[in-house]
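Trainee: Take a look at the following structure, please.
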Amino acid sequence: MNEQLLVMLEIQDLKSKAREIERGELGDLEETHFGVDPDQAVTALRNKATELMGGLRADTRGRFKALAERADRAVVPVVDGTCFGCYVSIPTATAGEREPNSALQSCESCGRFLYILG
């Protein structure tokens, strides 16, 4: 899989977990048993996401940031030829490539970065 794509997926996951914690979705078990402080956890997750952003190429980072501002998920899977960001069919050539995740690809409809599930 394309390294830039992997980094974006990791950033997206970190930011998603931070949003969950901010919404109060951290369980009592995590807080009481494991001693997780929600504020510290959010800060740590956001700091790691920021650090990883520095590893993205400038053009990719700019597009990723812009997409992430308007949608929770800037990187979405393609399942059975359908973009799971906007639910529009993508061109067969895109989904049917021999190594479909070796290069960054975007949905022609919504612009999100895509990763093809086999």
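The values are calculated or read from the model by the stated rules, or taken from the named source; none is laboratory data. None of these values were measured; they are calculated from a predicted model. All Cβ positions, even for glycine, are placed from backbone atoms using ideal geometry, and neighbour counts span all protein chains on display. Accessible surface is based on the protein model in full, side chains and every heavy atom, while ligands, DNA and RNA are left aside. Shrake-Rupley method; radii C 1.70, N 1.55, O 1.52, S 1.80 Å.
Trainee: Probe radius 1.4 Å, ligands and nucleic acids ignored: give me the carbon and sulfur share of the accessible area of the chain as a rounded percent.
Mentor: The computed percentage sits at 48.
Trainee: Next question, about the same structure. Can you list, by residue number, the Cys in the chain that have no neighbouring cysteine C-beta under 4.7 Å?
Mentor: Unpaired cysteines in the chain: none, every one has a partner Cβ under 4.7 Å.
Trainee: A further question on this structure: With every protein chain left in place, what is the accessible area per residue of the stretch 60-118 in square angstrom, probe 1.4 Å?
Mentor: 58
Trainee: Take each complete run of DSSP H in the chain, measure how far its Cα atoms stretch along the helix's own axis, and keep only those covering 15 Å or more with mean Kyte-Doolittle hydropathy at least -1.0; list them.
Mentor: In the chain, the long hydrophobic H runs are 3-22, 38-53.
Trainee: Tell me the label only: which of [x] 73, 37, 22; [y] 45, 37, 25; [z] 51, 29, 25 is Cα extents along the principal axes in Å as calculated from this structure?
Mentor: Computed from the coordinates, Cα extents along the principal axes in Å corresponds to [z].
Trainee: Taking R0 as 22 Å, what's the FRET efficiency between residue 72 and residue 46 from their Cβ-Cβ distance, rounded to 0.05?
Mentor: 0.90
Trainee: Under unit Cβ charges (Lys, Arg +1; Asp, Glu -1), what dipole magnitude, rounded to 20 debye, does the chain have relative to its Cα centre?
Mentor: I would put it at about 540 debye.
Trainee: Taking 0.36 nm per residue of sequence separation and subtracting the Cα-Cα distance, how much length would be gained by fully extending the chain between residue 109 and residue 29, in nm to one decimal?
Mentor: Taking 0.36 nm per residue and subtracting the Cα distance, the gain is 24.6 nm.
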